[in-house]
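Scroll down for the structure; my scribbles are underneath it.
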Amino acid sequence: MELFTTNNVWMMICTALVFFMHLGFSFLEIGLTRQKNTINILFKNMFIICIGLILYSLFGFNLMYPGFDKEALGILGFSGFGLNSPITETGSLDLSYNTGYTYWTDFLFQGMFAATAATIVSGAVAERIKLGSFMIFTIIYVGLIYPIVGSWKWGGGFLDSMGFYDFAGSSLVHSVGGWAALVAVYLLGPRIGKFTSEGKPMVIPGHSITLAAAGVLILWLGWFGFNGGSVLSADPATTSLTLVTTCIAAATGGLSSFLVSTAIYKNYDLTMFLNGILGGLVAITAGADQMSPMDAIMVGVIAGTLIVFGISLIDRLTLDDPVGAIAVHLICGIWGTLAVGIFGKMAGLHQFFVQLIGIVIIGVFCLLTSFFILFSIKKLSGIRVSEQEEIEGLDFHEHGMDAYPDFRINQH
Amino acid sequence: MELFTTNNVWMMICTALVFFMHLGFSFLEIGLTRQKNTINILFKNMFIICIGLILYSLFGFNLMYPGFDKEALGILGFSGFGLNSPITETGSLDLSYNTGYTYWTDFLFQGMFAATAATIVSGAVAERIKLGSFMIFTIIYVGLIYPIVGSWKWGGGFLDSMGFYDFAGSSLVHSVGGWAALVAVYLLGPRIGKFTSEGKPMVIPGHSITLAAAGVLILWLGWFGFNGGSVLSADPATTSLTLVTTCIAAATGGLSSFLVSTAIYKNYDLTMFLNGILGGLVAITAGADQMSPMDAIMVGVIAGTLIVFGISLIDRLTLDDPVGAIAVHLICGIWGTLAVGIFGKMAGLHQFFVQLIGIVIIGVFCLLTSFFILFSIKKLSGIRVSEQEEIEGLDFHEHGMDAYPDFRINQH
Amino acid sequence: MELFTTNNVWMMICTALVFFMHLGFSFLEIGLTRQKNTINILFKNMFIICIGLILYSLFGFNLMYPGFDKEALGILGFSGFGLNSPITETGSLDLSYNTGYTYWTDFLFQGMFAATAATIVSGAVAERIKLGSFMIFTIIYVGLIYPIVGSWKWGGGFLDSMGFYDFAGSSLVHSVGGWAALVAVYLLGPRIGKFTSEGKPMVIPGHSITLAAAGVLILWLGWFGFNGGSVLSADPATTSLTLVTTCIAAATGGLSSFLVSTAIYKNYDLTMFLNGILGGLVAITAGADQMSPMDAIMVGVIAGTLIVFGISLIDRLTLDDPVGAIAVHLICGIWGTLAVGIFGKMAGLHQFFVQLIGIVIIGVFCLLTSFFILFSIKKLSGIRVSEQEEIEGLDFHEHGMDAYPDFRINQH
């Protein structure tokens, strides 16, 4: 009982930290985009948090943890609508549900994860997607696709039976969001002015690097809960090792992005440094409990390097991802999932291939489903705002508001 | 001892989260008001935190937890000045003081709550109250009125004997602040330009919706501690259920404000969404431990709806509440207190009336005392700044500073 | 085992809170400086966090906790490169390493402290130091000097044997940073425009008091972990007392700075209020576990007063410290260390002199080493940017970026 209470306290704190990541995502996204779309992005993010949690309580949680039969294939299951808390004979909450925490904690921790997948997409499609269309996409993707993929591993489905490992979601959360971001960016097309007629990428600067940097530090803080809580108990050895590998990968991810980008572009690029930190965090997420600090250094160094080349690659493909979400969440998510087969306790050729197969299956499923959803919405109601709206800003057109209406500058 | 330590850890973390709400309140308040009064608002908030804590340590804590005699009426008691920690015979802190946490934790957790009541008023009176007068009001209201009301329920006074229920303070914290906000707004009058000569409300836009949105997310995070800590132990079943109902009411509060306001005003209004989240949080606070998730959905949906109509009502009464504090804290505080008698484990006609009686008693007391305090200050030294000061900004006149003195904009 | 788990949870949470202080430091520093150097400051801070953690994992941790021989003098020791986690015979983490937490938690908590020393310097040298030179200084100071000084007390070295007491680092962290800040400010010289040709100090306003105030509240939150975690267990009596003294000293520090500065300058100066809070926090840090709340009030009141006179003194010495780091971290750090001999359980003439000797030894060592490092860098590659770069801003010259490139103001 004492240990149960402690485990539950730890999980509740981690839940709060994962919730707080939404402020980090919001700051990062509005910092790296133009002022005229700030309200729109904040509105999207508030919507994602709220609807994500409600859908997850209505059916997502039960899609993700369907209680698969042992004989079943483990692809799709459902344990009913609503939150059905296990009750003991005396009518109180059945604490034997889990050795680590209560049913309610379980739901809330997983519910906070659910919204994250849509938030990743939000960044990539910023400044040009129709708000209504994005909301419909979010409802379907967070409500159905995310929990189905999650059930394959964390719900005890076929990826789990296969031996696929993803500790806290390099694939199950970050790549799931990343694949949809890739599809959405492709279907939407680039923002006006992002590429010259020859396809040369132009810089469209954001409106507050201060907010972007604050967002990254808040996300790093949130990752204490994202990875620390994924231990699913307060087990001292595993939780504390996980926090160490998480922080070390973040640090080396940032440093390597900084060094590589400075070597190439002869410029101390803060945005690259920030995305390197995030890349390191995403990459360590699949194996944070399986790595030594030295392994984490390697995972982070490679993630930081991938960020620099990845962002450049996305540009060269004339894909427009305003915040670098694809490089951070998809590329580093894949890297981190593979890294479980290369570094740490589980390293081995067999594991490497299992990881690869998992990545491919998740990728194909997410590409197909997100394409189908977004393409359908595009045909039915359109996904992109008008040229006039894009130029004048979504805040004015969709919200009739300005984010900084009374901000005045002194004349010196 | 193990359990005691865990309980105490949980309570300390919740204390830290409630403390952090002050950043949320600050961001919300300065975001929704004009730049020229930013320093003034930050100054007020810093003052509230600091003086609130000190007054609570000198006498507030002992007013609120007076140790009423069982035979006494339980209206007013006092257990002496200063913090008198219980000491065992061997000279160490007496842990038998409480099964859940130490005397020090108890003080600090409750002390963090105390300052909140004044912060609520701060938002409603922003941009026109005299700093000195507000400081005097804060000292009396936080130092005396808040702990006296608190003693009636949480200190074991007559409301507690009556069966009145307020888990974490929909009434005891939020309405106590809300009633004073109502009185203060009435006595102060509206800001210049808020109403036309025909009484038609005008929009006075704030200076950063980004800060306002960040404030709401920080407040939501803080509510993990506000409600989670009000369990007064780390009891797994109750704490985790409380966090679930809290988050669900916040989410449905936001969504319902968004949907209702969009239906009425044909506009995606982010401020309404944000206030809906806060309304849901305030409303669930009275019964967060007594509700099922489905109850919490209902409490939130109604709170979000009340926000839209409440803000409109305040406007029509030609009351000027720049941040919507009255709708959020008073209206939703009352709603949440009543909801304890309508939804959840305690629902019942008797309980409903007990809740109603409690609301009325608290309301009358707070209206009278805050009117007496503010009216006296008004007569003695005035409560409103001069017209020139209001137009030119309180920052320049009271502080000789500008909040963004070196903010420059590039000429494109 | 239950208690061990709880202790470890508490320490991990405190680690997260100390990490979050870096956002507080960043906000404070960029808020109080000019917009044209924002990117540069954020870059420095990101670098400090990342390199600090990596260096600490490679050798800093083992320099600071060298496992001194009992007979040795305890000045310099080293227990080898890298993180060498203690392993039991069965191959799992040896939990008997410590009664309070795991080896990994120990490393991470201490690692988060390490970066703080350089962050303090960062504020003082802002707006004029060469980025490359600052990075070299950081590597040496955080990598070598900080852990060596730390080993003298927390690593069981000669200051510890002597009876010197510094609970959470008024001297070992804050003064260590403060002394280097003093040397750096002296060697760098003031910013262009800070002093008239007659040496009269001018105000160079920062670009966002909002960020500065947010930074202070985040730092206060972080101090829950900084001091609370320095108990090195979740012991209920000590941790909760520590949080109470910490918060009370912060509150009285702020209030006394506010009152003293208002009395002298006839002005409600928010920056003074903010620095007073920080001064109170720094001062209580040395003896937070040894003080009663009444002692904490005295420590805070004196710290707040010292801030007002200290900032004025630095100005009169024509030293240019843009954020007040020397007054906050050095002067209040010294005050707090002395206060251990004046107030609280350890008060006494002998202890006072031991504290004084410790302060002098640390001061001489930090002054000499930081002078040697910075003077060498100055001779080798220079430490100050060119006049043109300083005037046009470091963001443009070192980073080719602007912090708010798309921030636009509506024309009213």
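Quick note: the coordinates plus some simple rules give every number you see, no bench work behind them. From a predicted model like this one, the values you see are computed outputs, not experimental measurements. Note that we place each Cβ from the backbone using ideal geometry, even for glycine, and neighbour counts take in every protein chain shown.
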* Structure fact -> Extension length gain for C:Phe309 and C:Ser381 (0.36 nm per residue less Cα distance), in nm, is 22.4 nm
* Asked: Roughly how crowded by other chains is peptide B:31-41, in terms of the mean Cβ count from those chains within 10 Å of each of its Cβ atoms?
  -> 3
* Would you tally the net charge around A:Val125, using a Cβ to Cβ cut-off of less than 11 Å, leaving A:Val125 out, and scoring K and R as +1, D and E as -1? => +1
* What residues from the range A:151-172 fall in the zone where the backbone N is under 17 Å from a label point 7 Å along the Cα-to-C-beta line of A:Phe352? -> A:164-165
* Asked: Ranked highest first by average number of other Cβ atoms within 10 Å, how do A:55-65, B:343-353, A:114-124, C:294-304 line up?
  -> A:114-124, C:294-304, A:55-65, B:343-353
* Asked: Using the Karplus equation 6.51 cos²θ - 1.76 cosθ + 1.60 (θ = phi - 60°), what ³J(HN,Hα) coupling, rounded to whole Hz, does each residue of the range A:292-309 give in order, writing x for Gly and Pro?
  -> 8, x, 5, 4, 4, 4, 5, 4, x, 4, 5, 4, x, 5, 4, 4, 4, 6
* **Given charges at Cβ of Lys, Arg, Asp, Glu: the protein assembly as shown dipole, positive-most of A:Gly358, B:Ala303, A:Ser292** => B:Ala303
* Tensor-based shape of chain B (alpha-carbon gyration tensor, a/c under 1.5 rounded, otherwise prolate or oblate) -> prolate
* **Simple Cβ-charge dipole of the protein assembly as shown, Lys/Arg +1 and Asp/Glu -1, about Cα centre, in debye nearest 20** => 1980
* Asked: Given the C-alpha centroids of the range C:331-362 and the range A:335-412, what is the distance between them in whole angstrom?
  -> 56
* Starting at the first residue of the range A:11-28, write each ³J(HN,Hα) from the Karplus equation 6.51 cos²θ - 1.76 cosθ + 1.60 with θ = phi - 60°, in whole Hz, x for Gly and Pro. => 5, 5, 5, 4, 4, 4, 5, 5, 4, 5, 4, 5, 5, x, 4, 4, 4, 4
* Mind jotting down the distance between the C-alpha centroids of the range C:17-93 and the range C:204-252, whole Å? => 19
* **Cα-centre dipole for the range C:46-173 with unit charges at Cβ (Lys and Arg positive, Asp and Glu negative), debye to 20** => 460
* Unit charges at the beta carbon, dipole of the range B:147-241: most positive-side option, B:Ala214, B:Ser175, B:Met162 -> B:Ala214
* Taking a label point 7 Å out from Cα toward Cβ, give me the nm distances from A:Leu380 to the same spot in the other copies, shortest first, one decimal. => 6.5, 6.5
* **Size of charge dipole - the range C:123-196 - debye, nearest 20, with Cβ of Lys, Arg +1 and Asp, Glu -1, no other charges** => 360
* MRE, 222 nm, helices only [DSSP H, n ≥ 4, -39500 (n - 2.57), over chain C, to nearest 500] -> -20000 deg cm²/dmol
* **Label geometry 7 Å along the beta-carbon vector: C:Lys345 inter-copy distances in nm** => 3.9, 3.9
* Given C:Lys194/C:Lys266; B:Lys70/B:Lys345; C:Lys44/C:Lys200; C:Lys36/C:Lys130; C:Lys194/C:Lys378, which pairs have Cα atoms separated by over 25 Å? -> B:Lys70/B:Lys345; C:Lys44/C:Lys200
* Which ³J(HN,Hα) values in Hz, rounded to whole numbers, follow from the phi angles of the range B:43-52 under the Karplus curve 6.51 cos²θ - 1.76 cosθ + 1.60, where θ = phi - 60° and Gly and Pro get x? -> 4, 4, 5, 4, 4, 4, 4, 5, 5, x
* Enumerate the amide H contacts of A:Phe195 below 5 Å, restricted to partners 5 or more residues apart or on another chain; note that Pro and chain-start residues carry no placed amide H. => A:Met202
* Structure fact -> Farthest towards the positive end of the dipole of chain C, among C:Thr138, C:Tyr186, C:Gly253 and with Cβ unit charges of +1 on Lys and Arg and -1 on Asp and Glu, lies the Cα of C:Tyr186
* Structure fact -> Taking every other residue with Cβ under 15 Å from the Cβ of B:Ala296 and scoring Lys and Arg +1, Asp and Glu -1, one gets -1
* Structure fact -> Shape call for the range A:290-412, from the Cα gyration tensor axes a ≥ b ≥ c (a/c under 1.5 means rounded, otherwise prolate when a/b beats b/c, else oblate), comes out oblate
* For the residue pair A:Asp69 and B:Phe78, what label-to-label distance in nm results when each label sits 7 Å from Cα along the Cα-to-beta-carbon direction? -> 7.3
* More than 13 Å apart - percent of Cα-Cα pairs taken over the range A:276-344 -> 56
* Between C:Arg384 and residues 5 or more places away or on another chain, which pairs have amide H atoms under 5 Å apart, with H built 1.01 Å from N, and which residues are they? -> C:Lys130
* Structure fact -> Copies of B:Leu368 compared via label points 7 Å along Cα→Cβ give distances in nm, shortest first, of 7.3, 7.3
* To do: Any chance you could check the Cα centroid distance between the range A:117-145 and the range B:254-326 for me, in angstrom?
  => 24
* Arrange the peptides A:391-404, C:156-169 so that the one whose residues have, on average, the most other Cβ atoms within 10 Å appears first. => C:156-169, A:391-404
* Asked: Within 10 Å of each Cβ of B:267-279, how many other protein chain Cβ atoms are there on average?
  -> 4
* What ranking do A:320-326, C:281-287, A:8-14 get when scored by the average of other Cβ atoms within 10 Å per residue, highest first? -> C:281-287, A:8-14, A:320-326
* Work out the mean other chain Cβ neighbour count within 10 Å for the residues of C:247-255 and drop it here as an integer. => 6
* Please say if the protein assembly as shown is rounded, prolate or oblate, where rounded means a/c under 1.5 for a ≥ b ≥ c the square roots of the C-alpha gyration tensor eigenvalues, and otherwise the choice is prolate for a/b larger than b/c and oblate otherwise? => rounded
